[in-house]
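What follows is one structure encoded as C-alpha cells, with my remarks underneath.
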Amino acid sequence: MTDSWWKQSVVYQIYPRSFADADGDGMGDLRGIIDHLDHLAELGVDVLWLSPIYPSPQDDNGYDISDYQDIEPLFGDLKTFDELLAAAHERGLKIVMDLVVNHSSDEHRWFQESRSSKDAPKRDWYWWRPARAGMEPGAPGAEPTNWGSVFGGSTWEFDETTGEYYLHLFSRKQPDLNWENPQVREAVYTMMRWWLDRGVDGFRMDVINMISKTIGTDGSLPDGQLPVGSAYADGSAGFLGGPRLHEFLQEMHREVFTGRDGLLTVGEMPGVTVDAAILHTDPERHEVDMVFQFDHVWVDRGSDPWTVLPLQLTKLKAVLGRWQAGLAEVGWNSLYWNNHDQPRVVSRYGDDSPEYRAVSAKMLGTVLHLHRGTPYVYQGEELGMTNHPFGGIDEFQDIEARGLYRQAVELENRTPEEVLTVLRARGRDNARTPMQWDDSPNGGFSTGTPWLPVNPNHVEINAKAQRADPDSVFHYYRRLIELRKTEPAVAGGDFTMLLPHDERLYAFTRRLDGTELLVIGNFTGETVRAEIDGWAGAELVLTNLDSPPDDLTLGPWQAVVYRRSV
C-alpha cells in the first residue's frame, strides 16, 4: 500500500521566475532558491518540482525551450544548479525537473535545421504540412486543419522559407515535436538520462498526452469538430491521448527509468479520463506514477468561457469523488488546488477577505491533503497568498491572457471589461506574482524591480510573519504534512465520500486496518452542523479554529479531522 515513497510524500512546486531573486535583476533565480531551502525544509515537504529553468526566449515563461541540456542565464548556470541539487539533497529534498517535450522553442537548433529546407535531415522532427488542397499557401483558411491553439488563433503557422505550415498547439514560437520519428524520441530519452545521471529525481511531464497525434492512412491530420479558438476542449481534434501515447510512455519508461530507483514521474494530461488515468498509472504497465487532471479546476467554468460561475460544491465533490473511486484499486491520484497555470485557490474556492482568508486557506488545505493521493503545494499556498488586484490588460504579462483577450475583444466582440473580469479571476498571472517573503518593499523577493508586481497585501501576508506565528497558515500546513507522515491512514486508507448532496459541507472518511478518520470542511461563511452519526467521543486530530466544534457543528470555513478505532 505504501510500497512507493511518493505515496507518503508532499511535493512543492517552485516557479523560479517568481520565487526569490538573489541578484537584484527582478527575476527569480537558482541562488534565490538555495537561499530559501530552509523554509521548505521547515515546511516538511519532500520533493521540489522546478518549473522550466532551461535556456529559453521566454515567450511562454520558459515553456519554450531552446536548449534542453543547460540552464537559462537569467536563473544561473549548471554549476549553480549542481549546488542547488546538493543543498536540497542534504536537507532530504528531492528535485523534479519540468519536462517539456511536446514542443520546443522555434529557436532550438533542431527547429532551425528543420525549417531550413524540405530536404533538411531534421525536417521530419516537427509537423510540417502543405496548405489545404486548392488553397493558396498563406491565405486565410488555407491552414492544414481547423485546430485552435491554446493561446488563441490557429495551431498552424505559415513559414515562407519552404512555403509550408508547422504545427504549434501553443504559441507560434512553440513548434510541436514529431514523436512519430524515432530519432526525436531517442534524442529526448538521451536528454532525460543526462539529467538523471546528474542527480535529479524525476520529471513532471508537460502536456504529455499531446505527444501522439491521430494520423490518417495518407499521413493527414483530421479537422476537429470545434472551430479555431476552441483549444483542446475538443478531444476529437486529434491531439489528446493519441493512438500511440501508451506505447510512447512505455518506451520512455523502458529506455530512461528502468533500473533507477527513487524517482517520481508525473504526467500532465489535460482532458484525461479516469479510465485512461488508470492505465497510465497502473504500476504493472510502466508508464507514469501519477497524472495531473483538470476536472476539479474546471468546475467553475460554464459553456460560455467568458463567465465566472460560483463554486457548486456538489459538482466539485462529484468530480473528486469520481477520481478517488476510479483509482482506488489501481493507480494513484495527484492532489492539487494551485499551480503556475491556476489562480489562487483561496480567492477561487475560499474567501480571501481579511476575516476569513487564513481560516479558509487552512480548510482548503485540510480537504485536499486528506484525500487519497500525493498532495502538491504551490509556492505561496502555504501562506494563503491571494489573487492579485489586476487592472487593465496592460498589467498582464501572460501570453495566454493577452492572446485570449485579443481574440475575445477583436474577433468575438466581447467587451474589454467582460473579458478582464474573467482574466482577473482565472488568469495565470495570479499564480505568478512574486513570493511574499516579508513586509519590505517588493515583499523581500528582489532588491530590483520585479518582473511582475508583488501583491500589495504582502505587508500582511508574508513568510517571515507567518513563520513567527504558530497559528498561521504556514504552521497549519506543517501540521497537515506531518499528519501524512505519522498517520498511515492518510496515505493508505480507503476513501468514502459522505454527504454527496450537501452544498455546504465536504465530508469523507479514510480507513486503514483499525483506524478511521473523519474529515469535514465547511465551504461557507455560516455555521453548519454535519448530520453524521457515530463519532461522539472520537479524538479531534486537527482543526483550523481555536474552539473544537460542538456536536459536529462547524463554524465558518472550519475544518476538522477526527480519529477513532474501528
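Each value in this text was obtained by applying a stated rule to the coordinates, not by laboratory testing. Just so it is clear, the structure is predicted and the values come from calculations on it, not from any experiment. Please note: Cβ atoms are built from the backbone with ideal geometry, for glycine as well, and neighbour counts cover all protein chains shown.
Computed values, structure above
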{"item": "Residue 322 paired with residue 421, simple spin-label distance in nm, labels 7 Å along Cα-to-beta-carbon", "result": "2.8 nm"}
{"item": "Contact order normalised by residue count of the chain, Cα under 8 Å, 6+ apart, percent", "result": "13 percent"}
{"item": "Among 443, 561, 168 - extreme Cα towards positive end, dipole of the chain, charges at beta-carbon", "result": "561"}
{"item": "Amide H contacts under 5 Å for residue 48, placed H, 5+ residues apart", "result": "12, 94, 95, 96"}
{"item": "Length-normalised contact order for the stretch 414-541 - Cα pairs under 8 Å, 6+ apart - percent", "result": "12 percent"}
{"item": "Full-stretch length increase - residue 37, residue 413 - with 0.36 nm per residue and alpha-carbon distance subtracted", "result": "130.6 nm"}
{"item": "FRET efficiency for residue 253 and residue 119, using Cβ-Cβ distance with R0 set to 51 Å, rounded to 0.05", "result": "0.90"}
{"item": "Alpha-carbon centroid distance for the pair the stretch 458-534 / the stretch 245-292, whole angstrom", "result": "29 Å"}
{"item": "Surrounding net charge for residue 205, when Lys and Arg each add one and Asp and Glu each subtract one, Cβ distance under 9 Å", "result": "-2"}
{"item": "Backbone N under 12 Å from the residue 25 label point (7 Å along Cα→Cβ), restricted to the stretch 389-413", "result": "none"}
{"item": "Simple label model, 7 Å out from Cα along Cβ direction - residue 309 to residue 532, nm", "result": "2.6 nm"}
{"item": "Overall Cα dimensions of the stretch 493-565, principal axis frame, Å, largest first", "result": "35, 27, 18"}
{"item": "Segment residue 496-residue 244, extension gain: residue separation times 0.36 nm, minus the distance between their alpha carbons", "result": "87.2 nm"}
{"item": "DSSP bridge orientation in the chain - percent antiparallel, rounded to nearest 5", "result": "60 percent"}
{"item": "Listed residue pairs exceeding 20 Å between alpha carbons, taken from 317/362; 94/485; 122/173; 7/79", "result": "7/79"}
{"item": "Segment residue 260-residue 190, length gained on full extension (0.36 nm per residue, minus Cα span)", "result": "23.7 nm"}
{"item": "Packing rank of 194-200, 30-36, 312-318, where each peptide gets the mean count of other beta carbons within 10 Å, highest leading", "result": "30-36, 312-318, 194-200"}
{"item": "Cα gyration tensor, the stretch 319-414 - rounded (a/c under 1.5), prolate or oblate", "result": "oblate"}
{"item": "Tilt relative to the chain, helix 473-486 - C-alpha long axis, 0 to 90 degrees, to 10", "result": "90 degrees"}
{"item": "Separation between Cα centres of the stretch 309-344 and the stretch 155-210, rounded to whole Å", "result": "28 Å"}
